[in-house]
Each structure stands twice: as C-alpha cells, then as structure tokens.
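Okay, so here's the structure we're looking at.
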Amino acid sequence: MALLDVSDIHVRYGDMVALRGLSLKVEEGEVVCIIGPNGAGKSTTLAAIAGGVRPYRGEIRYDGQPILGTPPDKIATMGVSLVPEGRHIFGSLTVAENLIIGAYMRKDKAEVARDRERILALLPRLAERIDFPAGRLSGGEQQMLAVARAVMTRPKLLLVDEPSLGLAPKIVDQIYEILLELRKTEGLTLVINEQSSNRVLKFADRVNVLRQGEIRLAGTAAELADGAAIRQAYFGFEHGAQPAPAMQTPTQASTGGAA
Amino acid sequence: MDRILSNIRTLQTPVLLIVLLAIVSGLASLTGSDAMATTIAEMMIRVVVVVGLYVFIGNSGIISFGHISFMCIGAYAAAWMTAAPTFKQIMLGGLPAWLQTEQYPFLVAMAFAAVLPAIVGLALGGAITRLGGIACSIATFAFLMITNSVYANWDSVTAGVSSIIGIPTLVGPWVAWVFAGVAILAAWFYQISRHGLMLRATRDDPVAAQASGINLVKARLGAFVLSAALVGLGGGLYAQFLGILTVDPFYLGLTFITLAMLVVGGMSSLTGAVIGVIGVTIIVELLRMFERGSMGPITLPPGSQELGLGILMALILVLRPTGLSGGRELKLFGRSRPAAPAAPEAAQAAPAE
Amino acid sequence: MIGFIQNLIDALSLGGLYALTALGIGLLFGILRLINLAHGDLISVAAYALIVPSVDVTARMFIGDFNILFLLPSIALIVILLALATDLMAFRPLRKATTPTLMIASFAVSYIIQNGILMIYGSRPKAINLWGAANQQIQVGDLRVPLLQVITVVVTIALMVGLSLFLSKTRYGVQMRAAAEDFRMAQYLGVKGNFVIGIAFAISGILAAAVGLLYVTQSGSLSHTMGVPLALFAFVAVVVGGMGSLPGAVVGGFAIGFVVTMLQAYLPPDLRVFRDAFAFAIVILVLLFRPQGLIPARNVIERV
C-alpha cells in the first residue's frame, strides 16, 4: 500500500481551474519530484495533501486513511509536514521558537530535545542564531529553518515546495544535502516541487511532470534521465519543433499564480 | 424590434423592482391604517438609503460603515432649507442668511439634500478610496463618528442635542415611492454604465482590473459620490417625513439596520438591496406585532425585534452569504448571454456572479 | 504644573482602560483579522453581571456582593463564556470570510448582546456602587490622586505583563503568536487553529472583564451601551498603534488616552465638544499617512 495515494483530485479557485484530475502515488521511503512551470498547480497539489486547499472532487489517502476534508492541523499530527513555497517562517518569533512550534503536538519530549540537537548539529548557522528573531535570518538560513521546523514535527511524509526558489545555487545544494541526509537518517518520504528538472533527476526515485493542472508525464528517474520526454511534457510541444530559446527554465521572477 | 427587445431586457430589473414596491405599498394601504402608511413611507425611504449604500458597497465590494453620515448631512440640508424661518433665526444663528431667512420648495430641498452629501463624499472619497478595502472601511467608520460628534455639538447650525422642528412633512408612502424609483433607476443606470462595469471588475479582481488599465481610485470615487448623493437624498426625505430632526437616529443603530438590509438581501445585486429592505421591514414589523401582543397568545418581550434582526443577519452571513437574492437580479425573461450580439446592453446588465 | 500632572495621571488611567480594551481587540485582529465591534459589549456584560437580572430601575447586587476573591473569577468566567459563545456561534462558521464580513458579523453580535441586555435588564441606566472605597483620593503633596486611578494603572500594568509573559513563555502563547503571524502555516505545523482562537477569545474576555469592573467602579452606572465608547476609542488605538501589533495596541491606547485627556483639558471650550471628532479624524489621518501605525505589525495585513 502506498503511503500517499492521491486520486483524481480537482481544485478550483473561483473560476480558475488549478488541478484537473491529478493522481499521484508515493511509496514509503521514496523521493518523488513534481516538476512543472509556474502556475502548473504544483503548490496546489502539496497544499491539497496538507489540507490547506480542499479539492471539490477526488480522494486523498494517507497511510490508508482518507484525509480529504481533514483540517491541516489534524493532518500535521498524522505525520505530514509541509515546507511551503516562500518559507513562511514566523519572522517575529525566535529561531528556537520557530523550531519548537512544530514539536508542541508531540508527546515524546525527550525525543524532541534530541531531535533539536541533531538538527542544530546539521545546521550550525541556525544554532549560532538560536535566539534571534527569525525574520533577521538570510534567505538561505530561513529556508533551512523552514525545513528544520518541518522536520521537528517528526513527519513520515515531508512535502517541500520549491526549496530552491530565490536562493543561490550553492545554498540550494546545501539544502538538498540536508534533505537527503534527513531521508537517510529519519527514513523520511519526500515529495519535492521544483520548476526545473536538472537537479531533481540526480536523486529522485520518481519524477512527475505537471502542466496546466494535470500530470503529463510520470516515470522513474532512470527512465526519464535523458530529459527529452520531460521537456516535451513540460512545454507541451514536440521536442525539436521549437527553437532552443524556449527551453530556458522559467525564471523565479514570476511568482504570480503559482498557488 | 431587436432594439425594443433589448431595451426591455435592459430595463426589466429596475422596472420590476419599482412595480414590486408599488404592489407592497398598495397591499399595505388596503389595511387603511395610519401606522401602516408610516411603515411603508419609512420603508420606501430606506429603499433610497439602502440602494444608495448598495451603489458603493455592491459595486466596489468595500463595506462602508459611514454612509449614515451622508443621510445625516442630507437630512439636515433639507431641514435647513425648509424649516420655518422664525425657528431658524432663533435657533440656528450659524446658518448663512440665504438659508436662515428663506423657505425653499420641496424639490429644491431634495436637490440640496443630495448635492451637499455628494460634495462631502467627493472630499472624503478623494482621500480614502485610495486605501485598501479594510482601511477604507475603517475610515468610513471613523467618518460616522466624526459626523455624529460634529452634528451633535455644532449648536448654531444643528441645534445640537435639541431638535429642529417645523419641517414641512410632505413625504408619505407614494412620494417616497417615487424617490425610491428614482434611486433604483439611478443605481441601475450606474451599474450598467461603462463606469459601473469597470468598478465591478475591480471588485471581482482588483489586480487584473488594474492591469487592464482601470483606474481603481477613480472608479471607486464615482460610485462613492453617487452613493453619498442617494443616501443624502434618503436623509432629506426622512427629515420631511418626520418633520422634526435630531442627530440621534443617524448613528450605529441605523448603520446596523441598513447594513443588515443589504446583507440579508444580498449585497452584490440591486435586487438584493431592494428585497433586503422589504424582507427586513416585514420581519421587523412581525416581531413588533408580537411584542405588542397583537398576534394572539404569544407575546414577545421588548427588544425581540432588535434581537431577531441581529440573529437573522448573523444567520444570513453564515448560511447564505450571498443573501436572499443570491447576487442575482430580478428578471422575467431573457437570460442574457454575454455572447448575444443583438443585445449588448442586456449582456452588460448581467454581471458575472 | 500641578494641573498638568493631574491631567497626566488622568491620561494614564484613561489610557490604561483604552490599552486593555485595545489589547482585547488587537489580539483577535492579529489572529483572525476580526475587528470585534462586540468587544465593548463584553465590557458592558462584565458590569451587568454584578447585579441581579431584572428590569427594575434600582440595581440589586448579586455577584457584586461576593468576596472579591470570588467576584473576580465569577465575572471573568461569565465574560469568557460569552466571548467563547460569540466565537462558536458567529465567528467560527465564518472562518474563511473576509475582514469586512467579519466586521459586519461582529456588528450583528454587538447588536444582539446590547439588545439582550436591554431585554433582561431594561433600558434605563442604573446606578451601582461597586467598591466605593476606591473612589477616595490620596493626597500627595499638592496633588490629589483618586485611588481608583492608581488601581487602574496598576491593574493595567499587571495584565499587560501577565499577557506578555503568557505570550513569550508558554506553549500556547508561542502558538498564538505564530498563528497571529501566519495562521495557515501554524496549522500546517499542527497548531490547533480553533483552540488557539478560543484562547484568544478567552483572553479578550478576561481583559473585557477587567475593564468592565474598573470602568463601572469609576462611573457608578450601568447602561446597555456603556462599553461602546470604550471599544470605539480602543479601536482608534488599535489603528493608530498599528493593526495586529500588540505593543502597538498598548501604545495606541495610552496615546489616545493622552490625546483625549489633553484635548479635553486644553482645547478652547467651544472646540472641546468636538473632542471625539478630533480623535476620529486622527484615525483617518493615520490611515492615510501612516497606515502601518506607530508600531507596525510584522505581518502584512493587506496586500494590493
């Protein structure tokens, strides 16, 4: 049985259709990437799983239980944690408070303290700034804090929405290192959204290409390794039928409509 | 032929609403009671006020808590024009001579009751319509407080806490009905005008509307001024209906009742504004009868009327946020399609709700 | 000089009441984006709960006669329950509603509570004497300070310190701050939204109860709209201080107390009557020229 089983979900914002019949299966321990252009519905997919957006049709099962319509706080206690796009750290709270917020719902207080130490050991930059208001951290540090905060909830399933958005490549590398390290040590299952495929193909088990609210292509990383099929699904036209400039990865400057 | 048809389609909603009001008024006058005539006259005046309120709130999507100020300003404007000069010379020494010594005809007074609030609305609206929705709502609320404080204390022109008396009472049910009709038509023609459509576009999607070149502030300001004028007109009618004027009624209570009417009817359609007034009036009258014990065995304690209205409004907000009208307009025929080229006006008349 | 100090003390105690009221309003605004116009009516209820429910003109003490150790928790409990009830019945079903819709709903709640009081207690104001001893004056040099003002300032400070300790040191306080900053994100991290909101309503109830008791001791009378002016000025304070910022609400409360007292004391008499108009004009000016208030909140209240 898949840890996460999303089947045929439809989401609409007013008149705008965001997802039309999206299905997605994630097995325990997998790293699944969803790639797609801005506005394809990637963020909506993760928000729907985490309970922040309610599909009007379809079903979501987590660990065998239907969770569609369950409030986000309840889903969080079931072991699903979301690192949303734009990080959403609590800027007026200290780094320590940001970390502990996610752990309040846990009963294993001793474990919480140990988790905190372990995460801070991985992220010395945060440890140095532990009593700073989180709003004063740099963008990269905030992204790390967002990941660390999500991990403090001890999730089984971690949803990460565009971790590389607006960050320098070097920092992005670090963040991915941490994610993969956590996967190894915590046995995390990961679903990661990205706009571009070049990084995710290296470590993802499976890749889904999302465009206009639908999965256009799904396969293992090995199957899709050469990238041609991905490009075709991503841009929606035959590879080679259009000149190369269209191949550019969408820039981070356009943020509207990605919800 | 097409043209006539399209005109009928365009005008059916306001005409139907005006006819509906005439029917309600006619039915009520069958009872022949004075109390009923008073209730109907008051209801018609509230139609003017709530339709005026709707012109801004319904089209812009911004809630105003301050429009009763315009009603107050309009009521006093009418009173200044029509109250007995002897009274004005003694009690309202602060008025300019042309108001103090003269007594103007009814229609002139009504015009003044619309123009003065419109001027105030232009000044206020020019400043606050550029604010975001919440901030604008708060500013209107502050405006209500300011007007109340000023009119309650500016003794030389408002007689302060005492009242202005001797205003000719010329407004009965049918006079008020005529003005209700005027207000409904004004609101309708605004709503289907280019200007109104632009504003409704900003209500539905401010970012997209602005991106397509609509001047948000100008669009809002136009509606604000028109709505101030209509609400002021309602105030003028109210003054000439009561014959005696104090500041007290123009405060939170009336603000609440008029907003409740708009919410109950549905604040995004003109039909909602009118139906809300009729519906709330009927419910309040029924509760009032129960309170008086004239409804048989059940007698409700005093205050039930207000309590009932509050609960009704809360229920509507929770259970049917689009109000009784559901945001639609009253129509007999011709579900207008935006695509139908023969009837462009009709297409515009049906806002996408 | 003595006159000025006297005014300053007046300003401080009036500002204290406004600050406590503004905290109650600001707390809910921070979390729910609710401008709770019914907060003033919670204050009225705190005062009315002291007497035996009846439409008689003379008030008979009920809870008001209790020992203060019972009186305080009883009144607080009544107001807390009422605050929670307003959330449960009116605001919880409107969690996804916009701020203006919430504002209208709170207007309805306010109208319901006021008329509920009217039904139970009658419409005429009633005289009531709670803690009359607190109205005596203390002589300090040339200065005569009403004891009640001192009590008001002390209670204000105590409640503010208590609230800030709660917010910074307890888990629910931290959750509440997180929820105020980004409600949805807090939920994603397992913070129970409705529970945290419930706590916020309960705290606003406690604050309203404190203000109600202090205010009725000072005014000595009950009326079904007694809380409204307090809430209106507190609302000004919230806007001036910075919507959604709690330090802003406190600073705003004291600032409004100061401005109102000083306008009352130093405006020429024929302008003095327009004091409230000046106070509310400040709201519009702040919105126009410094919409973020004196102490801006961290979160962006409204984009566009």
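The values are calculated or read from the model by the stated rules, or taken from the named source; none is laboratory data. As the structure is a prediction and not an experimental result, all values here were calculated from the model. Methodologically, a virtual Cβ is constructed for each residue, glycine included, from the backbone with ideal geometry; neighbour enumeration extends over all protein chains shown.
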Inset, instruction - Note down all Cβ pairs under 7 Å where the first residue falls in region B:146-174 and is charged (D, E, K, R), the second is modelled with pLDDT under 90, and they're at least six residues apart or on different chains. - result: none
Inset, instruction - Please tell me if B:Leu21 is crowded, with 20+ Cβ neighbours inside 10 Å, out of contact with any Leu (no Cβ under 8 Å at 6 or more places or on another chain) and of a type outside the set (D, E, K, R). - result: yes
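List the helices (runs of 4 or more DSSP H) inside region C:115-229, counting only whole elements, that have at least 1 residues being surrounded by fewer than 18 Cβ atoms within 10 Å (Cβ to Cβ) and among the small types (Gly, Ala, Ser).
On the way: elements: C:147-169, C:171-181, C:183-188, C:193-219.
Once the helices (runs of 4 or more DSSP H) in region C:115-229 are filtered for at least 1 residues that are surrounded by fewer than 18 Cβ atoms within 10 Å (Cβ to Cβ) and among the small types (Gly, Ala, Ser), what remains is C:147-169, C:193-219.
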Inset, instruction - Taking the residues in region A:12-25 that are surrounded by fewer than 23 Cβ atoms within 10 Å (Cβ to Cβ) and in contact with a Leu (Cβ under 8 Å, 6 or more places away or on another chain) as candidates, determine which candidate is farthest from A:Asn193 (Cα to Cα). - result: A:Lys25
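Among the residues of region B:118-129, which ones are within 13 Å of B:Ser64 (Cβ to Cβ) and of a type outside the set (Gly, Ala, Ser)?
Kept after step one, since they are within 13 Å of B:Ser64 (Cβ to Cβ), are these residues of region B:118-129: B:121, B:124-125, B:128-129.
Within region B:118-129, B:Leu124, B:Ile128, B:Thr129 qualify.
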Legend entry - Which listed residue, of C:Ala85, C:Ala97, C:Ala108, is assigned to a helix (DSSP H, G or I), surrounded by 15 or more Cβ atoms within 10 Å (Cβ to Cβ) and within 14 Å of another protein chain (Cβ to nearest Cβ): C:Ala108
Inset, instruction - Filter region A:146-174 for residues that are part of a loop (DSSP other than H, G, I, E, B) and either small (Gly, Ala, Ser) or within 12 Å of chain C (Cβ to nearest Cβ) (or both) and give the result. - result: A:Met152, A:Thr153, A:Arg154, A:Pro155, A:Ser164, A:Gly166, A:Ala168
Legend entry - Within region B:163-234, helices (runs of 4 or more DSSP H) holding 2 or more residues that are surrounded by 21 or more Cβ atoms within 10 Å (Cβ to Cβ): B:173-192, B:194-204
Legend entry - Subset of region B:55-94 that is more than 14 Å from every other protein chain (Cβ to nearest Cβ), of a type outside the set (A, V, I, L, M) and surrounded by 24 or more Cβ atoms within 10 Å (Cβ to Cβ) - its residue that is farthest from B:Gly266 (Cα to Cα): B:Lys88
Inset, instruction - Of all residues in region C:252-296, count the ones that are touching a Phe, Trp or Tyr at 6+ places or on another chain (Cβ under 9 Å) and more than 20 Å from C:Leu14 (Cβ to Cβ). - result: 1
Inset, instruction - Say whether the condition of being within 21 Å of A:Val200 (Cα to Cα) and of a type in the set (Val, Ile, Thr) is met by at least one residue in region A:9-29. - result: yes
Legend entry - Residue count for region C:151-175, restricted to those that are more than 30 Å from A:Met105 (Cβ to Cβ) and of a type in the set (S, T, N, Q): 2
Legend entry - Some residue of region B:150-157 being modelled with pLDDT under 90 and of a type in the set (Phe, Trp, Tyr): yes
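Do any helices (runs of 4 or more DSSP H) lying entirely in region A:67-135 carry at least 3 residues that are crowded, with 17+ Cβ neighbours inside 10 Å and within 20 Å of the chain's Cα centre (by Cα), and which ones are they? Break it down into steps so the answer makes sense when it comes.
On the way: elements: A:72-77, A:95-101, A:109-122, A:124-128.
Per the criteria, A:72-77, A:95-101.
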Inset, instruction - Test A:Thr94 against the stated conditions and say whether it is touching an Asp or Glu at 6+ places or on another chain (Cβ under 6 Å), β-branched (Val, Ile, Thr) and away from chain C (no Cβ under 14 Å). - result: no
Inset, instruction - Of all residues in region C:99-133, count the ones that are of a type in the set (Ser, Thr, Tyr) and without any contact (Cβ under 8 Å) to a residue 12 or more places away in the chain. - result: 2
Inset, instruction - Name the helices (runs of 4 or more DSSP H) wholly inside region B:16-126 in which the number of residues that are modelled with pLDDT of 90 or more, touching a Gly at 6+ places or on another chain (Cβ under 7 Å) and closer than 30 Å to B:Ala139 by Cα is 3 or more. - result: B:34-60, B:67-82
